[in-house]
1. Beyond 20 Å, what share of the Cα-Cα pairs of the chain is found? Please give it as a whole percent.
2. Provide the descending list of Cα extents for region 66-187 along its principal axes, expressed in whole angstroms.
3. Would you mind giving the average projected area, over all directions, of the Cα convex hull of region 99-165 in nm² with one decimal?
4. Dipole of the chain (Lys/Arg Cβ +1, Asp/Glu Cβ -1, origin at the Cα centre): which of Ile31, Ser128, Val102 lies farthest to the positive side?
5. For the chain, the longest stretch holding no trypsin sites (Lys or Arg not before Pro) located in a DSSP loop with at most 12 other Cβ atoms within 10 Å is which?
6. I need the GluC sites (Glu not before Pro) found in region 126-205, filtered to DSSP loop residues with at most 11 other beta carbons within 10 Å of theirs.
7. When only alpha-carbon atoms are used, what values of Rg and Dmax, in angstrom, describe region 65-105?
8. D for region 31-109, whole µm²/s, Stokes-Einstein with Kirkwood Rh over alpha-carbon pairs at 25 °C and 0.890 mPa s: what number?
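Every number in this text was worked out from the coordinates using simple rules, so none of it is lab data. Note that the structure is predicted; figures quoted are calculated from it, not measured. FYI the Cβ positions are ideal-geometry reconstructions off the backbone, even for glycines, and counts take in every protein chain you see.
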Amino acid sequence: MSKINVGILAIQGDVTENFLATMASMSELGIDGSVTQVKTVEQISKLDGLIIPGGESTMIGQMSLVNGALKTIKEKIESGMPVFGICAGMIFLSKNSKDRVVGETKQPLLDILDVKIERNSFGRQKDSFEAQISMDPIGISSFNGVFIRAPSISETGSDVEILAKFNEKIVAVKQGNVIATAFHPELTRDISLHKSFVKLVDNQS
Ligand code: GLN
């Protein structure tokens, strides 16, 4: 089997935590591959899988629009590269996003994940919380979800599988080669979600 190359989009957000969780996943799974922090079109074009970390989606969107990464990421995902979007990464992947308070922000989006996002759906930074989440469709029955100014999904298209809800709000989804969570798995010691993403990348390569 070929050596896989998983990238962590390193424009803004919690890049290091995702890098470490992905390295640990590969090593636990015994999968041969590398994890690279990426920003440029050239780096992104060499990837077999990409994680878009949490942070600030407007910033990640603007910067990747300016350096051309947005277009390359979109093309790679459309031609089958698996991607895992976390919080801001989930927002960036979406086709439609509005802020709960300020509404339309016209931020650059990848326009791939067929969902409507409500940004800051659970309140402000001070309203951050942790909650037990189950993602039964991918075999993860209990996961500690860390929600930090988290979005939720208010509507899903027909190709979108709902993986988890919290308080009636959709907080994790899968659409083909795209996985997205409103919470931050890289901020816990549990690497089961990163492992399931690495397996997806390995199976596609
Ligand atoms: N609220 C942030 C945004 O809109 C996301 C927060 C996060 O990634 N923790 O980009």
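1. 51 percent
2. Principal-axis extents of the Cα atoms in region 66-187, largest first: 36, 35, 28 Å.
3. Dividing the Cα hull surface by four gives the mean projection, 5.3 nm².
4. Result: Val102, furthest along the dipole toward the positive end.
5. 125-188
6. Qualifying residues, ordered by number: Glu168.
7. When restricted to the Cα atoms of region 65-105, Rg and Dmax are 12.1, 35 Å.
8. Details: Rh = 13.2 Å.
It comes out at roughly 186 µm²/s.
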